[in-house]
Amino acid sequence: HWLEKGNIPHNSLNTLKNFFLSKPFFSIWTVVVIALWGWLGVKLRNLSVQQDSEPKGSTKTYWINFKYSAGFVFVFALSLASTIPWLWIMSIDSHWFSTMFSWYTFASSFVSGMSMIMLWILYTKRHGYLDIVSDEHIHDVGKFMFAFSIFWTYLWFSQFMLIWYANIPEETIYFKIRMHGPYKFFYWLNIILNFVCPILILMPRPNKRNYFVVVLVAVLIIFGHWIDFYQMIMPGTVGADWQMGWFEIGILCGFVGLVIWLVANKLTKAPMVPQNHPFLKETIIHIS
């Protein structure tokens with residue numbers, strides 16, 4: 001509500017946030033961050049492709065890529081792991097804040113990313129690509145999905161428990177609306193999809209090596225975290241007047257289609273397996 005005309009916060013807490021919660025900063029920082037993500041993503045991919053044409057045994061491009069990757073970690077920490085969740089999501093409820101919020105959204109992003117990687121690996125492998133990928137590699141990605149589902153749950157519980165125990169009205173209202181209001185179904189579905197299902201299904205070792213099982217869990221995780229972000233955003237934007245109509249479904253399908261098109265398009269432009277990576281042999285013979 002801080003973006004609405006004439007709705008200027010007057011309490012001391014929001015006064016300290018006035019620079020951060022302003023239209024100019026929101027717009028400029030959003031554009032800068034998206035531009036950095038795009039530029040670094042293209043740069044890292046181009047360096048990876050460039051490495052394929054280097055003389056065998058050369059590590060020049062590898063180390064250049066290594067340095068850019070280190071820079072991306074800094075950008076990632078300053079954006080997706082901190083300021084962007086504050087700006088795009090937490091600021092919707094500008095009177096409420098949590099020091100664990102960015103960690104929480106980071107865990108969601110990471111486990112969803114690993115689930116997407118799992119789906120792409122198995123899809124391309126099924127169509128005759130990535131023959132070097134073995135059950136050991138699938139098992140490792142499955143372990144990441146399992147581990148970061150636990151990590152997400154740890155952060156969810158820690159955030160909830162501390163706010164519940166302190167019992168401060170300005171903080172508990174965030175969960176009250178979601179647990180007991182019109183978003184109750186999504187709130188508990190979020191826990192089932194992002195905690196109960198991944199933990200129980202992926203706990204046995206054979207399940208992390210079963211292609212059907214890991215695909216099922218990957219889809220549940222991606223959909224579950226979409227539900228999580230939905231129930232994080234909608235109460236502060238439309239209140240109790242939520243709906244799951246064609247508009248919401250269309251946005252979801254649109255972004256899914258865009259991601260699939262972008263990734264599939266780039267996969268056709270270069271070999272999927274790096275030709276001159278210095279650790280390629282160790283990767284192929286890897287055992288979990």
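The values are calculated or read from the model by the stated rules, or taken from the named source; none is laboratory data. Here the structure is a predicted model, which is why all the values come from computation and not from measurement. Heads up, the Cβs are rebuilt from the backbone with ideal geometry, glycines too, and the neighbour counts pull from every protein chain shown.
Just need a number here: residues in the stretch 166-196 that are crowded, with 18+ Cβ neighbours inside 10 Å, more than 21 Å from the chain's Cα centre (by Cα) and either on the phi > 0 side of the Ramachandran plot or not charged (D, E, K, R) (or both).
3
For the stretch 29-82, which residues satisfy the criterion of being of a type in the set (Gly, Ala, Ser) and loosely packed, with under 15 Cβ neighbours inside 10 Å?
If the condition is that a residue be of a type in the set (Gly, Ala, Ser) and loosely packed, with under 15 Cβ neighbours inside 10 Å, then 35, 38, 41, 53, 57, 58, 69, 70, 71, 77 are the ones that fit.
Take the residues of the stretch 83-107 that are in a loop (DSSP other than H, G, I, E, B) and of a type in the set (Ser, Thr, Tyr): which is surrounded by the fewest Cβ atoms within 10 Å (Cβ to Cβ)?
99
With the condition kept exactly as written, say whether any residue in the stretch 193-204 is at pLDDT below 95 and in contact with an Asp or Glu (Cβ under 7 Å, 6 or more places away or on another chain).
No: the stretch 193-204 contains no residue that is at pLDDT below 95 and in contact with an Asp or Glu (Cβ under 7 Å, 6 or more places away or on another chain).
Scan the stretch 34-70 residue by residue and report those that are in contact (Cβ under 8 Å) with a residue 12 or more places away in the chain, within 22 Å of the chain's Cα centre (by Cα) and farther than 19 Å from residue 270 by Cα.
Across the stretch 34-70, the qualifying residues are 36, 37, 68, 69.
So residue 240 ticks every box in (1) farther than 30 Å from residue 125 by Cβ; (2) in a helix (DSSP H, G or I) but one. Which box is left unticked?
Condition (2) is where residue 240 drops out.
Given (1) of a type in the set (Asp, Glu); (2) more than 22 Å from residue 101 (Cα to Cα); (3) assigned to a helix (DSSP H, G or I), where does residue 228 come up short, assuming only one miss?
For residue 228, the exception is condition (2).
Looking at 245, 224, 254, 250, which is the one that is surrounded by fewer than 11 Cβ atoms within 10 Å (Cβ to Cβ), under 18 Å from the mean Cα position of the chain (by Cα) and not hydrophobic (A, V, I, L, M, F, W, C)?
254
Residues in the stretch 120-140 that are hydrophobic (A, V, I, L, M, F, W, C) and either in a loop (DSSP other than H, G, I, E, B) or within 15 Å of the chain's Cα centre (by Cα) (or both): how many?
3
If I go through the stretch 125-134 residue by residue, how many of them are closer than 17 Å to residue 213 by Cα and either hydroxyl-bearing (Ser, Thr, Tyr) or surrounded by fewer than 14 Cβ atoms within 10 Å (Cβ to Cβ) (or both)?
Going through the stretch 125-134 one residue at a time, the tally reaches 2.
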